Amino acid sequence: MWRTIVFILALAGLVGALWLVAADSRGESRAEVKVMEGTKAPDFKAPSSGGREVSLADYRGKVVVLYFYPKDDTPGCTYEARSFRDASDEFARLGVVVIGVSRDSVESHDKFVSKYDLGFALVSDGDGSVMDAYGVWKERSIFGRSALGVSRSTFVIDGGGVVRKVWRDVSVKGHTDEVLGFIKANLVKG
């Protein structure tokens, strides 16, 4: 029994390490740029769930919550997505748009959206260019090997396209309430 559990955990760790190494092994640039509060949010255009293409410019005039997460349908990412979903009525009442971003495919996003009835766009950043632009990569060490992975991060962008709040290395529990509290206190009348 214990051997089976240890084997499964080791296999899961190896798969995770290979995914991170593969993400970094393409020789893609991983700029050390960090988007800061008060700066213009980098625009992007990318495919998203539902077969749409999402551009940040499409949401000028609206407050946008742009959150980056590692992987569809994993425990922390599911908790975070469901938390944003559960607050969707409040976000809608405030006129706020929520957009999630990960490297997963559109097909994976469509399954994730359908499984949890998410109701907001999940952007597929397969080449990592949106993550590069926002500086959400973080070096991690797995089995003594260094690789880049996604640092769970959230950006609140005002209607003029300016980043008003940044959270990096997000702890998902209570995060949605923190985001809503910031928006209500600083950007919209709630």
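None of the figures in this text is laboratory data; all of them are computed from the coordinates on show. Predicted model, so just to flag it, every value in this text is computed and none were measured.
Key figures
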{"item": "Rounded to whole Hz, the Karplus (6.51, -1.76, 1.60) HN-Hα couplings of the range 123-129, x for glycine and proline", "result": "7, 8, 9, x, 8, x, 5"}
{"item": "Extension gain, Ser171 back to Asp58 (0.36 nm per residue minus Cα-Cα distance, nm)", "result": "37.8 nm"}
{"item": "Rg(Cα) / (2.2 N^0.38 Å) computed for the range 44-176, rounded to two decimals", "result": "1.01"}
{"item": "Greater than 31 Å apart at Cα, pairs in Lys138/Lys189; Lys115/Lys189; Lys71/Lys184; Lys45/Lys111; Lys40/Lys115; Lys111/Lys173", "result": "Lys138/Lys189; Lys115/Lys189; Lys40/Lys115"}
{"item": "The range 114-177: projected area of the alpha-carbon convex hull, averaged over directions, in nm²", "result": "6.5 nm²"}
